[in-house]
Amino acid sequence: MKPKISDVAKKAGVSKTTVSRVLNNRGYISEKTKDLVYKAMEELHYVPNDLARSLYKKRSYIVGLIVPTTGNPFFGELTFHIENLCDELGYRVLLCNSSSRSDKEQKYWDMLLRNQVDGVIVITYNRGLINSDNKKNPVVAIDHYLSDTIPVIGSDNYEGGKQATELLVSKKCKQIIHIHGPDSLETPANLRKKAYVDVMKSYNRTPITYSVENVLDSNNHIQVISTLFDQYPDVDGIFASDDLLAAAVIAEAKKREISIPDQLKIIGYDGTETSKSLLPELSTIQQPIDQIAKVAIDSLLKMIENENHDLQLETWLPIKLIEGSTT
């Protein structure tokens, strides 16, 4: 038979109220009393009922996280930092991989609400998933616009795109091409493309952009990049909007025996630990992923605590240019 809180109280020689106060960290309890309660719990193999505690506190201490896929190094690293930060603050994370499917995102959103999570961090390419008028559910978006009332956190995409393009210009590249995600998506990442276009025009250069329609499909990456090389055999500079695209460019260039960086210079975007380990030579724009996670958690907790009167709706954190041997 599973032990009850009354069994713990009897074993520790204290009242049930005292055990409850220890479990919920309420009021002053001496270290001696805490030790007695924890020792009794251990000896009885007592496991606190989180559901009952959440009902008592009107807080589940669970945060939902919806990402397209943790298989992508950026989203995987971001998830790692969010989970660690939540753990330090006493929160658990319900992780949902959506594969960028709107139907899965809707199911996950409904599931998170049914589980009464305290708040949700969302990275979705499907705008309209969340009813922005629903004030009962604290929501924070990362690098994607969800509505005019939901805070969005990310890196300074325009500055990152500007520095990437200017680096290729400074390296004397004559034909610079930018590869990016779908134009149809309304995301802050589009500012990378805008910066590229602005810089190219400022040097009286003709911008050439290539769109990858399915950012999660590596086969689509290969097809687009192969077509790019076929159409522009003289390309000598490529700015890829993420490191996975840059890796695919490197692979295709090697297949075609194009020398990097002598004949072709490449710069990516994200600068994750994974890409630095697998492609240490890659020049890239590094996003402050740990800081993005921290600001997202801080913003969400303010909303949970109803302290969001001065909450910023847009937060853009500084990027860093990491120059490797691909440029």
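The values are calculated or read from the model by the stated rules, or taken from the named source; none is laboratory data. Here the structure is a predicted model, which is why all the values come from computation and not from measurement. Cβ: placed from backbone, ideal geometry, glycine included. Neighbour counts: every protein chain shown. Ligands, DNA and RNA are stripped out before the accessible areas are found, and what is left, the full protein with its side chains, is counted by its heavy atoms. Shrake-Rupley method; radii C 1.70, N 1.55, O 1.52, S 1.80 Å.
Brief remarks on what is shown
- S226 within 28 Å of A141 (Cβ to Cβ), touching a residue at least 12 places away in the same chain (Cβ under 8 Å) and either surrounded by 14 or more Cβ atoms within 10 Å (Cβ to Cβ) or over 26 Å from the mean Cα position of the chain (by Cα) (or both): no
- Residue match in segment 232-252 (condition: part of a helix (DSSP H, G or I), over 21 Å from G160 (Cβ atoms) and open to solvent by 40 Å² or more (accessible area, probe 1.4 Å)): yes
- Evaluation of N219 against the conditions (1) touching a residue at least 24 places away in the same chain (Cβ under 8 Å); (2) exposed (fewer than 13 other Cβ atoms within 10 Å of the Cβ); (3) over 19 Å from S259 (Cβ atoms) shows that the sole unmet condition is (1).
- Test for L311: is it over 20 Å from K162 (Cβ atoms), touching a residue at least 24 places away in the same chain (Cβ under 8 Å) and touching a Lys or Arg at 6+ places or on another chain (Cβ under 8 Å): yes
- For V224, the test of being under 21 Å from L321 (Cβ atoms) and either among the acidic types (D, E) or not in a loop (DSSP other than H, G, I, E, B) (or both) is failed.
- Any hit, segment 255-269, residues being over 23 Å from G324 (Cβ atoms) and open to solvent by 40 Å² or more (accessible area, probe 1.4 Å): no
- Extreme residue, nearest to D242 (Cα to Cα), among residues of segment 185-201 that are of a type outside the set (S, T, N, Q), open to solvent by 20 Å² or more (accessible area, probe 1.4 Å) and in contact (Cβ under 8 Å) with a residue 12 or more places away in the chain: A189
The rows are residues; the columns are (1) free of Cβ contacts under 8 Å to residues at least 12 places away in the same chain; (2) in contact with a Lys or Arg (Cβ under 8 Å, 6 or more places away or on another chain); (3) on the phi < 0 side of the Ramachandran plot.
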site	(1), (2), (3)
D236	no, yes, yes
E252	no, no, yes
S259	yes, no, yes
D270	no, no, no
V295	no, no, yes
E305	yes, no, yes
I319	no, no, yes
T327	no, yes, yes
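- Helices (runs of 4 or more DSSP H) lying entirely in segment 1-105 (those with 1 or more residues that are at pLDDT 85 or above, in contact with a Lys or Arg (Cβ under 9 Å, 6 or more places away or on another chain) and surrounded by 12 or more Cβ atoms within 10 Å (Cβ to Cβ)): 5-12, 31-44, 73-88
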